[in-house]
Structure formats: structure tokens, C-alpha cells
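Written out below as C-alpha cells is the structure these notes cover.
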There are 2 protein chains.
Amino acid sequence: MAASGSATEQKQRIPNATRTERTRTALVSAARELFAAKGFAETGTPEIVKAARVTRGALYHHFEGKTALFRAVIEAEAEAVARAIETRTTEPASARDALIDGANAFFDAMSVSGRARLLLIDGPATLGHEEMNRIDRATGGAELIEGLAYARDHGELRDLPIEPLADLLSAAFDRAALAIDAGEDAEAYRTAIARMIDALLERH
Amino acid sequence: MAASGSATEQKQRIPNATRTERTRTALVSAARELFAAKGFAETGTPEIVKAARVTRGALYHHFEGKTALFRAVIEAEAEAVARAIETRTTEPASARDALIDGANAFFDAMSVSGRARLLLIDGPATLGHEEMNRIDRATGGAELIEGLAYARDHGELRDLPIEPLADLLSAAFDRAALAIDAGEDAEAYRTAIARMIDALLERH
DNA sequence: AGATTGACATACATGCAGTATGTATATTTA
DNA sequence: TAAATATACATACTGCATGTATGTCAATCT
């Protein structure tokens, strides 16, 4: 007899799919906070699983290891940034506006607590620049190159190899986000970025 | 009796000062190569002392720990870069030339094997940006700000907060050095940097 | 219903950073 | 110059973290 769910016993039957999702979410979520607060090297797996209320066995069942869990965190953050930017991108009146708007959307997205550290410090250090670039491209972080290509095609940018230029500009964006995150004057950095963009584009 | 150094015994008497210097040099030198090749986290102290032909006891006698040894490596590298740049700096004909020359000297100095990784990846990740800035300033890495200040004072740069601008430009320099180190087209990046500098300066 | 897979939990093996302690040599002091 | 002390290590030990091997129970497939 014994119905599979009496009012007192609550021995609820949980499907594997949701179980897995809950555990993975708990791990990624707990890991994100700890990695963001203390960094990758200074955060141990015992601490992570304790915060997530699971065991280390669960962690190693769902992820190949600590680094793989970190990668999942980074991918989620990169995804969130890409979504925030593409959501806020409207019809740009010009290449200049597109770049400025994109920069501001980027800074806003990067202002989420801990995100700058995760994506710009621990990410590259732990996964390497190569894999970070792969993740960025996979989540859709090619706006900068597109913006510069648009500008070049419309005569607003002298014909130069735009990929190195986009790379350098991207580095400046990252540094600005980091500086703002570190408490520097946000307006000063946004202005400086705008200045760089304007300088690079031809005057009309 | 027994002369303190027979021809066969060679029981040479070594003063503590030189002994210390030899050991420290051997440690810093061995650590530099290993950190440069495999990174800070992937290099263990047993491996370092083996390469340096000393024991871990010696390491912990001369340095507070693995991180302190790494810091010594980084300081030496930063010092070397600063020296290389200041040595090559001649009388600049203009702010533009000074910045371009400085950039090229920087890229040349950063092309020393392993240096880009040490100073631009593992350094910031292990010691933090704040301490890296401290080290840069201590070794004399203020050329960029000086160059921009000179340009502003001579009307070649619109009056804007130059510190954020110098910071962003410095980030671009770093990224370029990293890209070149990773095997990207060095000329393309040098050109892109020159383009950025020219763009930022007023046309004459 | 029985067999199999999935989702863990637990125990274990290994390696490393850091510390405590012991020893021989160099340096200082009486 | 002989004794006292400080220096420069070498060795042994501790604690912790990552990763692996194995065992168990519930969910799912046949």
C-alpha cells in the first residue's frame, strides 16, 4: 500500500533531469560568488560544495574538476554580458554612435558585482586568453569588429587592418571596466573611451 | 696546521654574503624560467629548488614563500624593461615621436622570451593589478603619462584628464605585446598602436 | 518486475605549501 | 684566539586541497 507521497512523509519523487539541474545550478551559483569574492586559486572545492549544500562527489560527478566548474561560471557570465549588450543595442544612427552605445552597454554590463574580476582577471589567468577569446566569440562578442568594419565600409575609418585595432580597443574597454570596478572615476574613463573612439574615426 | 685550502681538498671558505647572493640568484633565475614556461600555479617549489640545485629549506630561508619568490622575479623583469626603455630613449623631436619611440622600445623589451607572460598574465593574476602598478611605478614606468603630459602642454593633445587616457593606452600596449608574443603579426600591431597615438594627437 | 543507468556519498591516494627543528659554517665578541 | 652567537641552510613533519576509486540508493529503461 503506502501511497508514494503521504502528507507527513513527503518522500517526493524527483526526476533525474531536474535533480541534475538543481545541483549544477547550486554549484555554479555558489562557485560564482566565491570565485568572484576570493579568486580561483584561493577558493577550495570543499568551500564551494559547502556553500552549495552538496558534496564533492556531486561536483566531480557533474564537472570534470574545479577548472571545468570555473569554466561554466565564466561561460554564464560571458553569456550574460553578451545578452545585456545585444538587448540594449538599438538602431545606431552612425558607426560612432554604435561604438559609443556599445561601450556604454558593455560598462553597464560589467558593473555587475564581481563580473569584472571573473571575466577580466581570473578568467584569462585560469583559462588562458585563447580560451577566453573562444568563449567570447561563442557567446557573440564580435560587436567591436563589426562596428569598426561598418565604420570602414562607410568611410569613417581609414582602411587599415581592423582586427588588431579592434583587439587594442577591446583591451582599452577591459581596462576601463576594471578601473571603474576598482573605484576609479567612471565618468572619466567613459569620457576617455569616447575620446579614443572619436579620435580613431575620421572627422566629418 | 692544515691550510684552509689544500690543492686537493678545496674546502674553500665562502663568505655568507656571496653565498646568499649565489643562492638567491640561482633561485630567482630557475624560478623565472619555470614560471615563464608553465605559469605560477603550475610550478611547484620542489621543481624550482631542483632546477636551482638547492633545497626547499634554502628557498624558505631567503624568501617568505613561493609568492615572495615570484615577486622577486617580477621585480627583476620590470626593472629590466624599465632599463631597456630608458636606455633607448633619446632626444625626442616631438611628443608624437617620443610616444612612438617609447612604444617600439617597449615592444622590443617585451619580446624577451617569457616576459610577456610573466609581466602581463601571471603577474597581475598572482600579485594583483594594484601591486603590479606599484612595481611599475617603483621601477620607473611613468613614461606614458609623461609623454601625454608633454603633448598636452605643447598643444598637441586636447586638455582632458590624461591619467585615464594613459591607463587605456597602456592597456592597449600590453595587449599588443601579448598578441605579438602569441605569434600575431607584429607589424600589424605596431601599426595599429601608431594609428591610435596619431589619432589621439591633434593634427598639425 | 528485473536490469541498468544516473546521481550522488564516502574513503582513499597523492602532492604541495608552509613550519618546526636540527646542524655546520661563518661572524662577532670577550 | 677561544667561546658565543648568528647565518644558511637541510630534514622531517603537518595540514590541506585536488582528484580518484568505490559503494549505495533511487530513477529509468526493458
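Could you tell me which of the residues B:R83, B:R56, B:R32, B:R88 is within 10 Å of DNA strand C (Cβ to nearest atom) and among the charged types (D, E, K, R)?
Being within 10 Å of DNA strand C (Cβ to nearest atom) and among the charged types (D, E, K, R) holds for just one of B:R83, B:R56, B:R32, B:R88, which is B:R56.
Scan the range A:58-79 residue by residue and report those that are open to solvent by 60 Å² or more (accessible area, probe 1.4 Å) and in contact (Cβ under 8 Å) with a residue 24 or more places away in the chain. Give the derivation first.
First pass over the range A:58-79, keeping only residues open to solvent by 60 Å² or more (accessible area, probe 1.4 Å): A:60-61, A:64, A:71, A:75, A:79.
Scanning the range A:58-79 gives A:R71, A:E75, A:E79.
Could you say which residue among A:D159, A:D153 is away from every other protein chain (no Cβ under 13 Å), over 12 Å from the mean Cα position of the chain (by Cα) and not hydrophobic (A, V, I, L, M, F, W, C)?
A:D153
List pairs: first in the range A:44-57 and away from chain B (no Cβ under 14 Å), second within 10 Å of DNA strand C (Cβ to nearest atom) and among the basic types (K, R), Cβ under 7 Å, 6+ apart or cross-chain?
Taking only residues 6 or more apart or on different chains, the pairs are A:T45/A:R56; A:P46/A:R56; A:V49/A:R56.
Of all residues in the range A:80-139, how many are over 12 Å from the mean Cα position of the chain (by Cα), surrounded by 14 or more Cβ atoms within 10 Å (Cβ to Cβ) and of a type in the set (A, V, I, L, M, F, W, C)?
Here the count works out to 8.
May I ask you to verify whether A:A182 is surrounded by fewer than 17 Cβ atoms within 10 Å (Cβ to Cβ) and more than 7 Å from chain B (Cβ to nearest Cβ)?
Yes, satisfied.
If you take the residues of the range B:36-47 that are more than 8 Å from DNA strand C (Cβ to nearest atom) and over 11 Å from B:T67 (Cα atoms), which of them is surrounded by the most Cβ atoms within 10 Å (Cβ to Cβ)?
Per the criteria, the residue is B:A36.
The values are calculated or read from the model by the stated rules, or taken from the named source; none is laboratory data. Everything numeric here is computed off the predicted structure, so don't read it as measured data. We place every Cβ from the backbone using ideal geometry, glycine too, and count neighbours over all the protein chains shown. Side chains included, ligands, DNA and RNA excluded: accessible areas come from the protein's heavy atoms. Shrake-Rupley method; radii C 1.70, N 1.55, O 1.52, S 1.80 Å.
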